[in-house]
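*Asks:* Handing you a structure now.
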Amino acid sequence: MPVKDTILNRQDKAYRHARTDVVIVQREVHIKYKKSYGGMSPYIRGIMGREHARLLYTICDKAEDHDDLKPLRFQVPRADCPECYAPTHWQELPGDTRFIVETFSTAVDLAGISFMDQLPVTVAWIKAVLPDDENTELDTLVAGMVHSEDYKKLKKGDDVRPVFRKNPASNASDVMWVLLGTAVEKFPSGYVESKNYRVQKNF
Amino acid sequence: MAGSLNRKVALISGGKVNYFAKANPDLMFYEMAMQAVKEAVGDLGLKPKEFRKLLRERGGVIITHFADHFAGQLLGEALTRDYLGFNPVESYRIVGGGATGGLGVQAAVEKIASGRADIVIAVGYEKMSEVDTFQGNEFIALASDTVTDFPNGGYYPLYYAAMAQAYLDTFVGKTVTGEEIRDAFSKIAVMMRNNAQYNRRAQTSHENPYATSSTSGFINIEDVTRSGIVATPSYRLDCCLMTDGASAIIVACEDLARSLTDKPVFVTGLGNGTDCMRTGERQRTPGGLLKEELMLPHEKEDPEYLKLYEELEYPGLHSFRAGRWAAKKAYEMAGIHKKPLEVFDLIEIHDAFVISVIQTMEDLGMVPYGHSAKLFNELPVENGRVPINPKIGGENGLYINPSGGLIGQMHGVGSTGNTQAVDVLWQMQGKIEEKYGHPELQVPDPKTALFHSHAGTGSDITVTTVERGW
Ligand SMILES: [Zn+2]
């Protein structure tokens, strides 16, 4: 963790707030982490698949050991069930899974430093509904960035589809979301459709 | 017995940094803590030497600060103790996101209730100005899941804005209109900011020598929506401050409390609730309040509540189950069964954003879920402003955040919940004119009060109830 201190000259705006004669330095700290996704790694590998990307979730079907006596489906996936502590099993979300905006907000002015150059950024919490007879919903929502032509028109209940980074960053933002039916030329820059999840498909 | 205190504990004295500030380069973090501790000890009429002897023989120290990143200093609590001359002493740090300060006060209370100490000082601090605002936002965002939510553009004003959107989508057209909610948001923002103008130590006070002209002084209703959208649907003035600040509160067992002050404020209830850090993982169970037995005693008697709550998906992304849980636990310990709006004279709550006030009033059972806006819609407006320190909820209602709260006074994370306890104590001891420099914010004759501390998007929440002990 290299640390470098440099004196700030008296003209620096950091001195503006001082009412006494203080010394202020600029301290720079650079940190590198080697961050493992552990038991969640299959999910990250799935969204890193570019045109072949897959969205994986995990399921625990030991319904009798759960508070509500139902199987539990997790996306964000987890390797262990929080209710019965059994290992979960990996499943793939089918291509005709519906993805629906539950809630959202668009950052237009402030953000963390990593996103300050990308505003506006819309983040939505998205519900996945399986194409089975019961229209089973995954038990959790997943947060993701939604790219749309006019963020002001986005609303709860909108159908969205995943698109995937062409050059994966190997993090959760390798999947982004666009409104169902979005034309390829309106995709966020650097993202492509996966053959497993068609953006044009109607439900 | 679980859910009770083994002996009575009183808040007896509090202190704060002389001025809360967006940036105070004149003081390092432990120098801010010194100002707060000096005030708290001095107000007891004790010499530091006498106080330190008491701590050493019968006491303990709790230090709270939130993010090591902000000051770039790990184990800052040790440096703080060193600077305050506390060694050797029984001491540790408590941390829990935005609830850090509140958790620290509760830990101090527990330490005394357990018999381990007779007197404890809880000291909270945060120095947030040494990084710029974008970096600061990012540090706070690191208190969301850094694997899933943070890389997707998540940061706190946006998380709360999304919850505000969920609140709108859940309740508009059912219990309230969108216009009524926006009206309430703006009135809350104005109430907090303008209250702070009568608290000379508040960050936004026009009397604070550290305040900048663009971020201090009175505001009007229209200033709020003119301040620009930060994250839809939230405006800049809907959001709380980032602060350099510190505060300290001294708590003691009954005998010692009564020997040190004639105005002890006794703790009656402690509650501490949790929920999923990733908001997307929170339950969305229809009738969840009933199924999880999270209704409060006064709600169970009202058929209107039952009807509303049978259908309500709970907690969803619109409400804080952790806050409801904490309130329920605290009220149980305190034996509160009646309407909390009528029980309490004064509350200091964690107004990180105006939506949090709306949500928290419902979590605390002040009004039914979906009904908070009308508490604020009722406030009269004159020349674009609501009254200073207005009573909320009618004749039997209460006062909310006379201090100015996180929007008007300060939000220096590790200090915030501690500062709220100090504000409540000063109110009950009748010290507001002395401490704030103005009498306007003194609540008349408060007997019962509550302070509330809150982390993340509601992952950790504390509720503490107190009553006058004289
Ligand atoms: Zn299980």
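The values are calculated or read from the model by the stated rules, or taken from the named source; none is laboratory data. Every value quoted in this text rests on a predicted model; they were computed, and no experiment measured them. Positions of Cβ are backbone-derived with ideal geometry, glycine not excepted, and every protein chain shown enters the neighbour counts. To get the accessible areas, we keep the full protein, side chains included, count just its heavy atoms, and leave off ligands, DNA and RNA. Shrake-Rupley method; radii C 1.70, N 1.55, O 1.52, S 1.80 Å.
*Asks:* If each of residue A:37 and residue A:185 carries a label point 7 Å out from its Cα toward its Cβ, how far apart are those two points in nm?
*Replies:* Output for this residue pair reads 3.3 nm.
*Asks:* At residue A:61 and residue A:98, where each label point lies 7 Å from the Cα along Cα→Cβ, what is the point-to-point distance in nanometres?
*Replies:* Output for this residue pair reads 2.4 nm.
*Asks:* Quick one: net charge around residue B:216, please, counting Lys, Arg +1 and Asp, Glu -1 for every other residue with C-beta under 12 Å from its C-beta.
*Replies:* My count for the surroundings of residue B:216 gives +2.
*Asks:* Further, regarding this structure: To one decimal place, what orientation-averaged projected area in nm² is obtained for the convex hull of the Cα set of segment A:98-192?
*Replies:* 6.8 nm²
*Asks:* Taking 7 Å along the Cα-to-C-beta vector as the label spot, tell me the residue A:134-residue A:28 distance in nanometres, rounded to one decimal.
*Replies:* Output for this residue pair reads 5.7 nm.
*Asks:* Might you report the magnitude of the Cβ-based charge dipole of chain B about its Cα centre, with Lys and Arg at +1 and Asp and Glu at -1, to the nearest 20 debye?
*Replies:* 1000 debye
*Asks:* For segment A:98-192, what's the relative contact order in percent, using C-alpha pairs closer than 8 Å and at least 6 residues apart?
*Replies:* With pairs under 8 Å counted, the relative contact order is 26 percent.
*Asks:* What accessible surface, in Å², does a 1.4 Å probe find on residue B:298, ignoring ligands, DNA and RNA and rounding to the nearest 10?
*Replies:* 20 Å²
*Asks:* To continue, here is another question. Evaluate E = 1/(1 + (r/R0)^6) for residue A:4 and residue B:180, where r is the Cβ-Cβ distance and R0 equals 56 Å; express this FRET efficiency to the nearest 0.05.
*Replies:* 0.60
*Asks:* Applying 1/(1 + (r/R0)^6) with R0 = 30 Å to the Cβ-Cβ distance of residue B:53 and residue A:13, what FRET efficiency is obtained, to the nearest 0.05?
*Replies:* With a Förster radius of 30 Å, E is 0.10.
*Asks:* For segment B:45-113, what is one quarter of the convex hull surface built on the Cα atoms, given in nm²?
*Replies:* The directionally averaged projection comes out at 5.2 nm².
*Asks:* At 1.4 Å probe size, what's the solvent-accessible area of residue B:447? Round to the nearest 10 Å².
*Replies:* Here the residue's solvent-accessible area equals roughly 100 Å².
*Asks:* Another question, if that's okay. Nothing charged except the Cβ atoms of Lys and Arg (+1) and of Asp and Glu (-1): what's the magnitude of the dipole of chain A about its Cα centre? Round to the nearest 20 debye.
*Replies:* With only Lys, Arg, Asp and Glu charged at Cβ, the dipole is about 1120 debye.
*Asks:* Once the dipole of segment A:50-203 is set up with Lys and Arg at +1 and Asp and Glu at -1 on Cβ about the Cα centre, which of A:60, A:167, A:79 lies farthest towards its positive end?
*Replies:* A:167
*Asks:* May I pose another question? Kindly give Rg over Rh for the protein assembly as shown, based on alpha-carbon atoms, with the Kirkwood expression for the hydrodynamic radius.
*Replies:* 0.97
*Asks:* Separate question: At 25 °C and 0.890 mPa s, grab the translational diffusion coefficient of segment B:171-264 from Stokes-Einstein with a Kirkwood Rh over Cα pairs, rounded to a whole number in µm² per second.
*Replies:* The calculation lands on 152 µm²/s.
*Asks:* Round to the nearest 0.05 the FRET efficiency obtained for residue B:114 and residue B:172 when R0 = 51 Å and r is the Cβ-Cβ distance.
*Replies:* My answer for the efficiency is 0.60.
*Asks:* Sticking with this one: Could you give the length gained on full extension between residue B:147 and residue B:222, defined as 0.36 nm per residue of separation minus the Cα-Cα distance, in nm?
*Replies:* 23.1 nm
*Asks:* Okay, next question. For segment B:340-470, what's the radius of gyration and Dmax over Cα atoms, in angstrom?
*Replies:* Cα only, segment B:340-470: 14.0, 41 Å (Rg, Dmax).
*Asks:* Mind pulling the angle between the C-alpha long axis of helix B:29-43 and the longest principal axis of chain B? Nearest 10 degrees, somewhere in 0 to 90.
*Replies:* Computed tilt is about 80 degrees.
*Asks:* I'd like the orientation of helix B:48-58 relative to chain B: the angle between its Cα long axis and the longest Cα principal axis, in ° from 0 to 90, rounded to 10.
*Replies:* Once rounded, the angle reads 80 degrees.
*Asks:* Among A:141, A:110, A:180, determine the one that fluctuates most according to a GNM of chain A built with springs between C-alpha atoms less than 10 Å apart.
*Replies:* Residue with maximal mean-square fluctuation among A:141, A:110, A:180: A:110.
*Asks:* Here's a follow-up. Find how many whole Å separate the alpha carbon centroid of segment A:117-134 from the alpha carbon centroid of segment B:118-144.
*Replies:* Each part reduced to its Cα centre gives a spacing of 31 Å.
*Asks:* Now for a separate question. Expressed as a fraction of 2.2 N^0.38 Å, the rule-of-thumb size for a compact globular protein of N residues, what is the C-alpha radius of gyration of segment B:1-69?
*Replies:* That ratio works out to 1.39.
*Asks:* What pairs in B:16/B:374; B:329/B:431; A:153/B:174 have C-alpha atoms more than 28 Å from each other?
*Replies:* With Cα atoms farther than 28 Å apart: B:16/B:374; B:329/B:431.
*Asks:* Next question, about the same structure. Residue farthest toward the positive end of the dipole of segment A:38-92, with Cβ of Lys/Arg at +1 and Asp/Glu at -1: which of A:49, A:38, A:88?
*Replies:* A:49
*Asks:* Between the alpha-carbon centers of segment A:21-51 and segment B:322-354, tell me the distance in whole angstrom.
*Replies:* Cα centroid to Cα centroid, the span is 39 Å.
*Asks:* Another question about this same structure. Out of the DSSP beta bridges found with both residues in chain B, what percent are antiparallel (nearest 5)?
*Replies:* 75 percent
*Asks:* Quick one: what do you get for segment B:184-235 if you divide its Cα Rg by 2.2 N^0.38 Å?
*Replies:* Computed over Cα atoms of segment B:184-235, the ratio equals 1.16.
*Asks:* For chain B, what is the relative contact order in percent, using Cα pairs closer than 8 Å and at least 6 residues apart in sequence?
*Replies:* Relative contact order comes out at 25 percent.
*Asks:* Taking the alpha-carbon distance from residue A:155 and a cut-off under 16 Å, which lysines remain once sequence neighbours fewer than 8 residues away in the same chain are dropped?
*Replies:* A:127
*Asks:* Subtracting the Cα-Cα distance from 0.36 nm times the residue separation, let me have the gained length for residue B:433 to residue B:38 in nm, one decimal.
*Replies:* 140.3 nm
*Asks:* Leaving out same-chain residues fewer than 8 places away, which aspartates and glutamates sit with a Cα under 16 Å from that of residue B:127?
*Replies:* In chain and number order, the partners are B:26, B:31, B:68, B:77, B:138, B:244.
*Asks:* Right, next: For helix B:178-195, what angle does its Cα long axis make with the longest principal axis of chain B, in degrees from 0 to 90 and rounded to 10?
*Replies:* 20 degrees
*Asks:* Antiparallel versus total DSSP beta bridges in the protein assembly as shown: what percent is that, nearest 5?
*Replies:* 80 percent
*Asks:* Now a separate question. Grab the other residues whose beta carbon is less than 10 angstrom from that of residue B:306, score K and R as +1, D and E as -1, and report the net.
*Replies:* -3
*Asks:* I've got another one for you. Run the dipole for the protein assembly as shown about the Cα centre, Lys and Arg Cβ at +1, Asp and Glu Cβ at -1, nothing else charged, and hand back the magnitude in debye, nearest 20.
*Replies:* The dipole of the protein assembly as shown has a size of about 1480 debye.
*Asks:* In whole Hz, with x marking every Gly and Pro, tabulate ³J(HN,Hα) for segment A:44-50 from phi via Karplus 6.51 cos²θ - 1.76 cosθ + 1.60, θ = phi - 60°.
*Replies:* Karplus-based 3J(HN,Hα) across segment A:44-50 equals 5, 4, x, 7, 7, x, 6 Hz.
*Asks:* Find which of B:404, B:202, B:227 sits farthest along the positive direction of the dipole of the protein assembly as shown, computed with +1 on the beta-carbon of Lys and Arg, -1 on that of Asp and Glu, about the Cα centre.
*Replies:* Selected residue: B:202.
*Asks:* Starting from the Cα gyration tensor of segment B:106-212, multiply each eigenvalue by 5, take the square root, and state the resulting semi-axes largest first in whole Å.
*Replies:* So the equivalent ellipsoid measures 31, 23, 21 Å along its semi-axes.
*Asks:* For chain B, treating each Cα as an identical point scatterer without solvent, what Debye log10 I(q)/I(0) comes out at q = 0.10, 0.13 1/Å?
*Replies:* -0.65, -1.17
*Asks:* Take the alpha carbon atoms of segment A:38-92, find their radius of gyration, then divide it by 2.2 N^0.38 Å using N residues; give the quotient.
*Replies:* Scaled against compact globular proteins, the figure is 1.21.
*Asks:* Roughly how large, in nm² to one decimal, is the mean projection of the convex hull of the alpha-carbon atoms in segment A:1-131?
*Replies:* Average of the hull's projected areas for segment A:1-131 equals 14.1 nm².
*Asks:* Let me know the Kirkwood hydrodynamic radius for segment B:127-186, please, with Cα pairs as the basis and the value in Å to one decimal.
*Replies:* Computed over Cα pairs of segment B:127-186, the Kirkwood hydrodynamic radius comes out at 13.4 Å.
*Asks:* Pull up the cross-link candidates among the aspartates and glutamates for residue B:263, meaning alpha carbon to alpha carbon under 19 Å and not fewer than 8 places away within one chain.
*Replies:* Within the straight-line cut-off, residue B:263 pairs with B:39, B:43, B:118, B:254, B:255, B:345, B:423, B:433, B:434, B:445, B:467.
*Asks:* What is the antiparallel percent of DSSP beta bridges lying wholly in chain A, to the nearest 5?
*Replies:* 95 percent
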